[in-house]
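I have placed the structure first, in the form of structure tokens, so that the comments after it can refer back to it.
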Amino acid sequence: MTTSSAPSATPAAKAATLVESLPWLQRFRGATMVIKYGGNAMVNEELQRSFAQDVVYLHHVGIKPVVVHGGGPQISAELARHGIESEFAGGYRVTSAEAMKVVRMVLTGEVSQTLVSLVNEHGPHAVSLSGESAGLFQAVRRGVVVDGVEIDLGHVGDIVEVEPRAVQRLLDDGVIPVVSSVAPDRDRPGESLNVNADAAAAALAVALRAEKLVVLTDVAGLYRDWPDTDSLVSSIDVDELRTLLPGLASGMIPKMQACVDAVEGGVAKAAIVDGREPHAVLLEIFTDSGSGTEVHANTEGIA
């Protein structure tokens, strides 16, 4: 038997944590929550396992989790193995037809199956599907303007329609859906588009009338005046957030825009949490202080 010198919580502290979670367990039981899985939590094995445990925990306490994911690091690595250079424009991955085959393979295969396997170590709870499954998403191609020049991004799109019945049926059957951010091209039947996973998670949260959207990222939350680490925002309404969006770092804009879109679409709360922290999802949902930055409607009180 191995021993550890690391301090552990006292029984009283453990009990206090459980008691603290009680009102949140009561509030969220039966609610649907959409979680965007990304950042370091996707590539660090310990964090992968802690995230899977969080999702299973939500499931067992009566919450209905839906996981939406991208897979930037894995896509870049696989493209390199195929001799395809990763190219970006305006924060988007330029995706040729050849690259799209790799993107689709990585997202619907490697990333989805890894997460499903980790969740299912705790029981047969999760299944994978993509935005192409049962017409879940429909997307149209988009370009981007960089320095006044329109750039063709190839097989990159924006979601314009969501048909959530397939996901809802899984939730009603007690299954955890794991959704990859690939969508059919509405205007070019038979072709697939790479869509932003933050936007996909927000769109699905709205369509499912989710109680909350949780977005994992690699920072502690939204900073009002980055890099001043004392400017971390714990809670903000959509009106104020919208005014801050143009000045945010490019990597944070799609995540915060997703929160705005979700709340404006009727999702009660959206949160950006630090996926580098083990069990960040549980800390956000079941503790009074939360974890990261919560976004709410401007007419709504702060929980």
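Of 121, 191, the sequence from fewest to most neighbouring Cβ atoms within 10 angstrom is 121, 191. From most to least packed by mean Cβ count within 10 Å, the peptides 251-261, 17-27 give 251-261, 17-27. Quarter the surface of the alpha carbon convex hull of region 29-301 and you get the mean projected area, 14.2 square nanometres. Short-range pairs are left out: with C-alpha atoms under 8 Å and at least six residues apart, the relative contact order of region 29-301 is 22 percent.
When region 60-143 is described by a simple charge dipole with +1 on each Lys and Arg Cβ and -1 on each Asp and Glu Cβ, the residue from 109, 77, 133 located farthest towards its positive end is 133.
Each 10 Å bin from zero holds the following percent of Cα-Cα pairs in region 1-103: 12, 26, 28, 19, 13, 3. Counting neighbouring Cβ atoms within 10 Å and putting the fewest first, the residues 101, 64, 14 line up as 14, 101, 64.
For region 231-303, the Kirkwood hydrodynamic radius comes to 12.6 Å, computed from all pairs of different C-alpha atoms. In summary, the lysines within cross-link reach of residue 269, defined as a Cα separation below 28 angstrom excluding same-chain residues under 8 places away, comprise 14, 36, 64, 212, 255.
Laboratory data are not the source of any read-out in this text; all were calculated from the coordinates shown. This one's a predicted model, so the numbers in the text were calculated from it and none came from an experiment. Here the Cβ is made from the backbone with ideal geometry for all residues, glycine too, and neighbour counts use every protein chain on show.
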